[in-house]
Amino acid sequence: MQFQNTGLKDTRSGFGAGLLELGQTHPEVVALCADLTGSLKMDAFQKQFPERFFQVGIAEANMMGIAAGLTIGGKIPFTGTFANFSTGRVYDQIRQSIAYSEKNVKICASHAGLTLGEDGATHQILEDIGLMKMLPHMTVINTCDYNQTKAATRAIAHYNGPVYLRFGRPAVPNFIPEDFEFHIGKALMLKPGTDISIFATGHLVWKALEAAEILKDQGISAEVINIHTIKPFDEASVIASVKKTGCAVSAEEHQKHGGLGDSIAQVLAEHFPSPLEYVAVNDRFGESGTPEELLRKYHLDTPDIVAAATRSIARKTKPT
């Protein structure tokens, strides 16, 4: 299957579109927002289903508690706020009221990572995937474009249990086919290759595809795999790919510690020790700037993935 850029669209709008569709087909779906309805693109749901929308104000901890309670009555609550406020501000409520008791709450988090841009370090959470994946019972999903976010939003409504769905603000290439079925926990092969495995998540998936084209011009065959589900983790796909290529790169808009790269490293250490290079934020907070400027400064851009692939291949071929 060919994955082609059909234009720029923001992933948060994919969430809004998916939520609206769920509202039209699933009367048990309800939505809660912490004073950011427009930013989360939940306004269409609010307008069409006002009796199923709860504006809790700037009270994120209360929102999580309300969502947990709504599940007891058979509702499927989708909470919406920025990723920073969806995790760091309310970690205790998520741990105690949602994850511990396996409540069927869908924690939907926008404006994640550095590409939040000019809002700066206080809003650019880079450790949320680590926080969420360490919680027992929590499913963690990080989507790459509009279509995948819309599909994931629909899919998690059919999944029984707590889910953390992460997406972003900037317009990014939309390349996953509109009719593509989203499978929780199953990695998506985007481009087969034989020399290097590039595992990417979120906004860096398209960057990984761009890097693969540059590597192709250098005579290197790169396999690109979209890890949209961080937990449960598709160990089999990672092992199968690296057994073929012998080395890997992980690419994510997240801290190096606790993210996708660490999940891959754990799998490889246990099953198939191989060179792995990280493309991730290296133990730093974010700062204000445009998304493009920040991706370049923090070495999360296409050339950085190319460079990491070159380093990983060199480690594979270096005599022992």
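The values are calculated or read from the model by the stated rules, or taken from the named source; none is laboratory data. Values in this document were obtained by computation on a predicted structure and should not be read as measured data. In this analysis, Cβ positions are derived from the backbone assuming ideal geometry, glycine residues included, and neighbour counts consider all displayed protein chains.
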Could you check the stretch 20-58 and list, in sequence order, the residues that are charged (D, E, K, R) and within 21 Å of Asn104 (Cβ to Cβ)? Glu21, Glu28, Glu51, Arg52
For the stretch 81-96, check the following and say yes or no: at least one residue is touching a Phe, Trp or Tyr at 6+ places or on another chain (Cβ under 8 Å) and closer than 27 Å to Leu188 by Cβ. yes
Arg296 among the charged types (D, E, K, R), outside any helix (DSSP H, G or I) and more than 17 Å from Val140 (Cβ to Cβ): no
Reported set for the stretch 247-261 where residues are in contact (Cβ under 8 Å) with a residue 40 or more places away in the chain and crowded, with 19+ Cβ neighbours inside 10 Å is Cys247, Ala248, Val249, Ser250, Ala251, Glu252, Glu253, His254, Gln255, Gly258, Gly259, Leu260
How many residues of the stretch 132-160 are of a type in the set (Phe, Trp, Tyr) and free of Cβ contacts under 8 Å to residues at least 40 places away in the same chain? The answer is 1
How many residues are in contact (Cβ under 8 Å) with a residue 24 or more places away in the chain, assigned to a helix (DSSP H, G or I) and over 23 Å from the mean Cα position of the chain (by Cα) if we restrict to the stretch 56-70? 3
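Filter the stretch 96-112 down to the residues that are of a type outside the set (A, V, I, L, M, F, W, C) and surrounded by 24 or more Cβ atoms within 10 Å (Cβ to Cβ), then identify the one that is farthest from Leu70 (Cα to Cα).
The residue in question is His111.
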For the structure I just gave you, tell me whether Phe180 is surrounded by fewer than 21 Cβ atoms within 10 Å (Cβ to Cβ), in the same structural domain as Ile305 (by TED's automatic domain parsing), aromatic (Phe, Trp, Tyr) and out of contact with any Asp or Glu (no Cβ under 6 Å at 6 or more places or on another chain). no
Looking only at residues that are among the aliphatic types (A, V, I, L, M) and part of a strand (DSSP E or B) in the stretch 1-55, which one is surrounded by the most Cβ atoms within 10 Å (Cβ to Cβ)? Ala31
Among the numbered conditions (1) within 29 Å of Pro170 (Cα to Cα); (2) surrounded by fewer than 18 Cβ atoms within 10 Å (Cβ to Cβ), tell me where Glu223 comes up short. (2)
Filter the stretch 262-302 for residues that are under 17 Å from Asp128 (Cβ atoms) and hydroxyl-bearing (Ser, Thr, Tyr); the one that is surrounded by the fewest Cβ atoms within 10 Å (Cβ to Cβ) is Tyr298
